[in-house]
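Peer 1: Handing you this structure, nothing more for now.
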Amino acid sequence: MLRSIYVAGAVVGTAMFGLAASAAAQSLERAMATYYRGDYPEAMQAMTPFAEDGDRHAQYLIGYMHERGQGVPQDYAEAAKWYAQAAELGHPFAQNNLGVLYKHGRGVPKDVVAAYAWFGLATEGYQAAEFGHRERALANQQDIAVQMSGEQLTEAKKRMQEHRANDPGLPEYRPPNVR
């Protein structure tokens, strides 16, 4: 009898968790749809809880809104903060954009080593369908490489290896479907 109650409780708990996860995914999709409609203040408000909970695409979009001044005052330091969180979780768009901030010293100190490393990781992270983005990251990396010494290139490649070694092993990045 006690075992039946335990099993029934586990089944109900699992079902409730599944419903909550489904509702959260739908809420994230709604937040993304708000962004893509151009309602940036509402999108910022709706996406912030997801970004704070570690959703890398929400982190990337919040960084992008701060970089572009969409719904918030333009703030490169805040953009770098959000891009860095998403970049550490393997978001290639965030990695490339963080590299751009380091390349130009926007919101972060100018750092060609960090820029090269982030561009390289972005290049590796883009999928075949994102052909133009991958090529842009590669061009960014090649552009910065000509400004670097051999020691700086070695350090940048070392950082890329360290990042790969510490990769959290998250599933392949893909933003949610937005209807």
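Peer 1: Just a yes or no: is a residue in region 159-176 at pLDDT 95 or above and of a type in the set (Phe, Trp, Tyr)?
Peer 2: No, that holds for no residue.
Peer 1: Okay, moving on. If I go through region 124-153 residue by residue, how many of them are buried (at least 21 other Cβ atoms within 10 Å of the Cβ) and not in a loop (DSSP other than H, G, I, E, B)?
Peer 2: First, pick out the residues of region 124-153 that are buried (at least 21 other Cβ atoms within 10 Å of the Cβ): 125-126, 137, 140-141, 144.
After this cut, where a residue has to be not in a loop (DSSP other than H, G, I, E, B) as well, the list is 125, 137, 140-141, 144.
Going through region 124-153 one residue at a time, the tally reaches 5.
Peer 1: For the condition surrounded by 21 or more Cβ atoms within 10 Å (Cβ to Cβ), part of a helix (DSSP H, G or I) and of a type outside the set (A, V, I, L, M), what is the one hit in 90, 63?
Peer 2: Working: 90 fails: part of a helix (DSSP H, G or I).
Criteria check complete, one pass: 63.
Peer 1: Going by what's in this entry, would residue 45 be described as modelled with pLDDT of 50 or more, under 27 Å from residue 100 (Cβ atoms), assigned to a helix (DSSP H, G or I) and open to solvent by 80 Å² or more (accessible area, probe 1.4 Å)?
Peer 2: Yes, satisfied.
Peer 1: Can you find even one residue in region 99-110 that is open to solvent by less than 20 Å² (accessible area, probe 1.4 Å), closer than 15 Å to residue 35 by Cβ and not basic (Lys, Arg)? Lay out the reasoning, then the answer.
Peer 2: Going through region 99-110, the residues open to solvent by less than 20 Å² (accessible area, probe 1.4 Å) turn out to be 99, 101.
After this cut, where a residue has to be closer than 15 Å to residue 35 by Cβ as well, the list is none.
Scanning region 99-110, I find no residue that is open to solvent by less than 20 Å² (accessible area, probe 1.4 Å), closer than 15 Å to residue 35 by Cβ and not basic (Lys, Arg), so the answer is no.
The values are calculated or read from the model by the stated rules, or taken from the named source; none is laboratory data. Note that this is a predicted model, so its numbers are computed, not measured. Here the Cβ is made from the backbone with ideal geometry for all residues, glycine too, and neighbour counts use every protein chain on show. The area values use the complete protein model at the heavy-atom level, side chains included, leaving out ligands, DNA and RNA. Shrake-Rupley method; radii C 1.70, N 1.55, O 1.52, S 1.80 Å.
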